[in-house]
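A.B. asks: The structure follows.
The values are calculated or read from the model by the stated rules, or taken from the named source; none is laboratory data. Just so you know, these numbers come straight off a predicted model, no measurement behind them. Note: ideal-geometry Cβ built from the backbone for every residue, glycine included; neighbour counts use all protein chains shown. Accessible surface is based on the protein model in full, side chains and every heavy atom, while ligands, DNA and RNA are left aside. Shrake-Rupley method; radii C 1.70, N 1.55, O 1.52, S 1.80 Å.
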Amino acid sequence: MSATEAEKKATEGENEVVKGGELLFCGGTCWDVIGRRKGSVDGNLVSPTRLRPLVGVDIRFVASGCTSCHCVALDVEGRCYTWGRNEKGQLGHGDTIQRDRPTVVSELSKLVDDTLLPLLLVIMNDTKSSLAWGNDIVPWVVNRRIVRYKIVKAGAGRNHTVVVTEDGNSLAFGWNKHGQLGSGSAKNEIESSPVRCLVSEVNYTTCGGDFTVWLSSVEGSSILTAGLPQYGQLGHGTDNEYNSKDSSVKLVYEPQPRPRAIASLSGETIVKVACGTNHTVAVDKNGFVYTWGFGGYGRLGHREQKDEWTPRRIDVFQNRNVLPPDAVISAGSVNSACTAGGGQLYMWGKIKNTGDDWMYPKPLMDLSGWNLRCMDSGNMHHFVGADSSCISWGHAQYGELGYGPTGQKSSAVPKKVDILEGMHVLSVACGMGHSMVIVDRTNVADRLDQLDIYDGKAFGEENEATIKIPVAKQSAKKGAKGAENSKKRKKSKDSSDSEEDVEESDNSEDEANGAAEVKRSRGGNSSGRGRGKAKASKKSGSGRGRGGAPASNKSSTKDPPVKSGKRGRPRKS
């Protein structure tokens, strides 16, 4: 590339306008209960709902994780909003207090008083002074004030958050027991305020349960990882396992606190990456797909359930079926997905709670012919933005599919979110029991005004959170709440387990993996087989009593089972 072309490209990048939209949320709002077996669950938002602090704010990016009970949203000005569970400081506000409302992370958006502006401008213009102060205070000027960081990308793990600044730096906050913050040290288990990650020239980041992945433009180090290596999800060829004592059989996994490039991919340029709880999916510039980490249920797509400690190429996506540059990838707790040639969506792993697992990538024919622009997967649910529709499916407990108070709770096949029909979806993100959607306001402002607005509970407020709901919808939600209470009574026998560690209670993947209790041999064979079937039989056995029959009748009356995939396909209007 000539110097003129490079200069022209840089100018076009500067003039590029980042488009934002309205953030809509659906799912659970009782953050301290979601994903756990005890406590009441009230205030579920079963329809896409606007959040009061973000009404009218141009949101450009949202992030959550398949085991995350907290949310991250970035606006076009570079501010970072976080809310949700905060027991490990994962919201970055310098404390461990839960936030129900989106709140700006002040440590990432510090405004400096105008009286200091002349001094800082001198520092910016003086090379020696800038070097003396350090790179992390080189600011950018907006409205005669100084904003320290402009955040452009973010990732959320189970109990930690990582963000990327416009100038290619990365910061993190939250739980750091396994070194997942990438700060070079795991001495402080909790970092409730942002700390610098030891990476540079970063352009993207994403998080697994207890590990982090960065994409960098550094030649030979396009992908770096840090955190828990237990299942090989870091891709460095080892799980860093050793016995805690010579006479003990207890296994310990040495943390990886310093981001380290994956050696086997040093000759490749990784352009896309997605993380499940304990596995990773990546795509290089040639369109080849790599997976590594925990192999249970076939989520790695290699026709077997063996753990992979280094990246392994999926044979399905080679030769004539490589991924195009605009391909979409995602990773849930126990499954993976991507779009290949012609926009066809492929999935593999545990797709449904019942039935056989998909041990290798198979096309999801229900979405054939749709133009998929964005997709994300949660614990066991999925959201897709395609054409002028929003489509969701999977197993849901808190209304995270957004079907509304009169709609079904879960869906085995992709189904349109009716209230969003005709809206242009810019981005989606799924977490534990919740989903977020960014929609373009163009031509739909009047429809957005008709949606509910969730106020939430203010910081330090004692009273219950409120939501503005029309009377008709309120009565419908009341009925849904009664049905949930009935189901809770049936499952009361299962709610006696204690929760000593937050990280253990949050990880629904531990049940699916079957690896938290029994560690597989050093050869790496998976122990994730059979868990789903046992769970299903347990669920069917709890249907006796007064609550069993009505629940079955209601399901069969409202949503008859779909016998063929063609029948359940969401059709274009």
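A.B. asks: Show ARG320, ARG299 ordered by accessible area, largest first, where the area counts protein heavy atoms only and the probe is 1.4 Å.
C.D. replies: The ranking, largest first, comes out as ARG320, ARG299.
A.B. asks: Sticking with this structure for a sec: Given 0.36 nm per residue, what is the gain on full extension from TYR360 to LYS19 after removing their alpha carbon distance, in nm?
C.D. replies: Roughly 119.1 nm would be gained on extension.
A.B. asks: Scan around THR49 for amide H atoms under 5 Å from its own, H built in the peptide plane at 1.01 Å from N, and keep only partners 5 or more places away or cross-chain.
C.D. replies: Those qualifying (amide H under 5 Å, at least 5 residues apart or on another chain) are PHE25, CYS26.
A.B. asks: On a C-alpha basis, how far is the centre of segment 172-218 from the centre of segment 289-364 in Å? Whole number, if you could?
C.D. replies: Each part's Cα centre sits 26 Å from the other's.
A.B. asks: Starting from the Cα of SER264, step 7 Å along the direction of its Cβ; do the same at ARG303; then give the gap between the two resulting points in nm.
C.D. replies: The answer from the label model is 1.8 nm.
A.B. asks: Give me the accessible area of TYR454, 1.4 Å probe, in Å² rounded to the nearest 10.
C.D. replies: Taking all protein chains as shown, TYR454 has close to 20 Å².
A.B. asks: Can you run phi through the Karplus equation (6.51, -1.76, 1.60; θ = phi - 60°) for segment 233-244 and list ³J(HN,Hα) in whole Hz, with x for Gly and Pro?
C.D. replies: Karplus values, whole Hz, x for Gly and Pro: 5, 7, x, 9, x, 8, 9, 6, 8, 7, 6, 5.
A.B. asks: Enumerate the calculated ³J(HN,Hα) couplings along segment 440-445 in order (Karplus 6.51 cos²θ - 1.76 cosθ + 1.60, θ = phi - 60°), each rounded to whole Hz, writing x wherever the residue is Gly or Pro.
C.D. replies: Values, residue by residue: 6, 6, 4, 6, 10, 4 Hz.
A.B. asks: Okay, next question. Across segment 54-70, in residue order, what do the Karplus-derived ³J(HN,Hα) couplings come to in whole Hz, using 6.51 cos²θ - 1.76 cosθ + 1.60 with θ = phi - 60° and x for Gly and Pro?
C.D. replies: Whole-Hz 3J(HN,Hα) from phi for segment 54-70: 10, 5, x, 7, 7, 8, 9, 8, 10, 9, 7, x, 5, 10, 8, 10, 9.
A.B. asks: Please work out the FRET efficiency for the pair VAL104 and ASN240, using the Cβ-Cβ distance as r and a Förster radius of 35 Å; give the result to the nearest 0.05.
C.D. replies: Result of the calculation: an efficiency of 0.40.
A.B. asks: For the pair GLU166 and GLU219, what calculated FRET efficiency results from E = 1/(1 + (r/R0)^6), where r is the Cβ-Cβ distance and R0 = 30 Å, to the nearest 0.05?
C.D. replies: For R0 = 30 Å, the calculated efficiency reads 0.90.
A.B. asks: With a 1.4 Å probe and every protein chain left in place, work out the accessible area per residue of segment 289-445 in Å², rounded to a whole number.
C.D. replies: Solvent-accessible surface per residue comes out at 32 Å².
A.B. asks: Taking the full set of protein chains and a 1.4 angstrom probe, give the accessible area of HIS302 in square angstrom, rounded to the nearest 10.
C.D. replies: 20
A.B. asks: May I ask you to work out the translational diffusion coefficient for segment 288-343 at 10 °C, viscosity 1.306 mPa s, via Stokes-Einstein with Rh from the Kirkwood sum over Cα pairs, reported in whole µm²/s?
C.D. replies: 135
A.B. asks: Further question: Would you grab the residues whose amide H sits under 5 Å from the one on HIS160? Only those 5+ places off in sequence or on another chain, please, with H modelled 1.01 Å from N.
C.D. replies: TRP175
A.B. asks: How much solvent-accessible surface does HIS424 expose, in Å² to the nearest 10, with a 1.4 Å probe and all protein chains in place?
C.D. replies: HIS424 exposes around 80 Å² with every protein chain in place.
A.B. asks: Out of residues 5 or more away from SER222 or on other chains, whose amide H comes under 5 Å of its own, with H placed 1.01 Å from N in the peptide plane?
C.D. replies: Those lying under 5 Å, H to H, from SER222 are ILE270.
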